[in-house]
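I have placed the structure first, in the form of structure tokens, so that the comments after it can refer back to it.
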Amino acid sequence: MSLNLHLPDATAAMVGTGAVVDSAQAQQDRSVLHAVLERQEVQVQLVALGVDPRQAHVRVNALSDGEARDLARHMDQMPAGGLLASSVVLIGVIVLVSFLIALMAAHLDDRDKALRY
């Protein structure tokens, strides 16, 4: 009596330095965005705009690495001291990106449902 198991082949590949650096940079970019979302004045503004601050954190996590990088770079270009207008623009950008992500997710969900039937 023999036991015949089919196990998938394991593969390994070198991970380039660029991929590691890009991953670390993406984490740092998201950390910057989360730190901004933790600021009291940003949370007040989010609530005033009808956005749950917890949901904003979830949406930051849903951003692609490129989107997170672009938002973080935009914040780095803002004047020191966080002018109110700059904060409002940043919040507007975050809300817009979040809205687009939600819209795309809803569209993909509707498309998946349509394909099932």
Kindly evaluate Asp70 against the criterion of being outside any loop (DSSP other than H, G, I, E, B) and modelled with pLDDT under 80. no
Somewhere in segment 98-116, is a residue surrounded by 12 or more Cβ atoms within 10 Å (Cβ to Cβ), out of contact with any strand residue (DSSP E or B) (no Cβ under 8 Å at 6 or more places or on another chain), at pLDDT below 85 and on the phi > 0 side of the Ramachandran plot? no
Taking segment 4-52 and keeping only residues that are at pLDDT 80 or above, among the charged types (D, E, K, R) and assigned to a helix (DSSP H, G or I), one is left with Asp29, Arg30, Glu38, Glu41
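The values are calculated or read from the model by the stated rules, or taken from the named source; none is laboratory data. Because the structure is a prediction, the values reported are computed rather than measured. Don't worry about glycine lacking a Cβ; one is built from the backbone with ideal geometry, like all the others, and counts go over all protein chains shown.
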